[in-house]
1. Given (1) within 30 Å of Phe6 (Cα to Cα); (2) touching a His at 6+ places or on another chain (Cβ under 6 Å), where does Glu183 come up short, assuming only one miss?
2. Which residue, of Phe259, Phe239, is modelled with pLDDT of 95 or more and touching a helix residue (DSSP H, G or I) at 6+ places or on another chain (Cβ under 6 Å)?
3. Scan the range 214-237 for residues that are under 16 Å from Ser153 (Cα atoms), within 14 Å of the chain's Cα centre (by Cα) and either within 15 Å of the ligand (Cβ to nearest atom) or assigned to a strand (DSSP E or B) (or both) and report the count.
4. For Glu253, only one of the following conditions fails: (1) more than 15 Å from the ligand (Cβ to nearest atom); (2) under 17 Å from Leu105 (Cβ atoms). What is its number?
5. Given Leu126, Leu111, which one is within 18 Å of the chain's Cα centre (by Cα), at pLDDT 95 or above, assigned by TED's automatic domain parsing to the domain that holds Tyr72 and farther than 24 Å from Arg9 by Cβ?
6. Quick one: how many residues across the range 129-162 are near the ligand (Cβ under 10 Å from one of its atoms) and in contact with a strand residue (DSSP E or B) (Cβ under 9 Å, 6 or more places away or on another chain)?
7. From the set of residues in the range 58-79 that are within 9 Å of the ligand (Cβ to nearest atom) and assigned to a loop (DSSP other than H, G, I, E, B), which is farthest from Cys132 (Cα to Cα)?
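The values are calculated or read from the model by the stated rules, or taken from the named source; none is laboratory data. All values reported here derive from a predicted model rather than from experimental measurement. Don't worry about glycine lacking a Cβ; one is built from the backbone with ideal geometry, like all the others, and counts go over all protein chains shown.
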Amino acid sequence: MAEIRFDGRVAVVTGAGGGLGREYALLLAKRGCKVVVNDVGGAVDGTGSDATPAMKVVNEIKEMGGEAVPNYDSVADWEGAQNIIKTAIDNFGRIDILINNAGILRDKSFLKMELEDYHKVMEVHLNGTFYCCKAAWPYMREQNYGRIVSASSAAGVYGNFGQANYGAAKMGIVGLMHVLKQEGAKYNIMCNVIVPIAGTRMTATVMPPNLVEILKPEYVAPIVVWACSEKCTFSGYTFTAGGGYFSRAAFVEGPGVRFDVSQPITVEMIDENIDKIVSLEGAKPIENATAHTINALSHLNLGG
Ligand code: NAI
């Protein structure tokens, strides 16, 4: 099989100064992509800043013969996000690929979570992803090409104790990608999600050291880089990856039950049928909100 290459393509990888983002940047660059290595260089909780991590990754890329430039702006700031994308345009003339990977953690049980912890996490993850997409979108639309991969998390997709802020933000990102999938379809812009599992400084806060060592970010990067390639014609997909495992997660809808609306529908009828209502036997993913509505109302004679 021919090698999947990125010659002539330009990528922005946010939060690429370490962990998963660094791995995405290195793999793209190895395959000929020009890369903007963005990283604000703060602590896991989002405090502080340091140019060193982004600069180090740029140097690594240059040492292996690749092309990269650093950017130190915060994705959480609209001006910053615009500047991140502008760095790609100014240095390389285009933007084909955006990996929304920058992230912070401020875990606390819901009772103890301060509003500031909520806002900071939303700002980096959800606002940051929204801002970077928004800044890149006009270029991708204009050139009729774009690949966007945004980092979500099992904490949002499935839930995790102590991560109300993070889980909400990460699931917001899934919703954003589902909408951008619709709006980008006509322009060959594919918008997907990665739910990774990897040992990084972020997961070192919760994972035992041996797992951090085993679960290398390089085991996640191949599917993210594939989703950034011309080969990827999927959009609105949520890929999961970690430790050599690759899969797809999705919202699915069960066949449900359909009551005759010419009769009153009572709370007791729900109770009597609740097992059927919640059953996922024969469940399927649904393409978009319109398809959901058509499917949901298919038993009604709506006329027209
Ligand atoms: P990491 O902490 O090693 O990397 C995150 C990077 O984002 C850091 O280098 C940090 O400086 C940068 N960053 C933080 N705020 C920023 C901002 N405002 N602007 C620009 N850069 C900023 O963490 P890791 O594990 O590599 O995480 C990468 C992404 O994957 C995150 O979005 C994280 O939430 C997500 N994720 C990771 C999992 C894992 O198992 N490692 C699991 C689920 C999701």
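1. (2)
2. Phe239
3. Selection size over the range 214-237: 4.
4. Unmet condition: (2).
5. Leu126
6. Count: 10.
7. Here the answer is Tyr72.
Every residue, every condition in (1) in contact with a Lys or Arg (Cβ under 6 Å, 6 or more places away or on another chain); (2) touching a residue at least 60 places away in the same chain (Cβ under 8 Å), yes or no:
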residue	(1), (2)
Met1	no, no
Arg9	no, yes
Gly41	no, no
Asp45	yes, yes
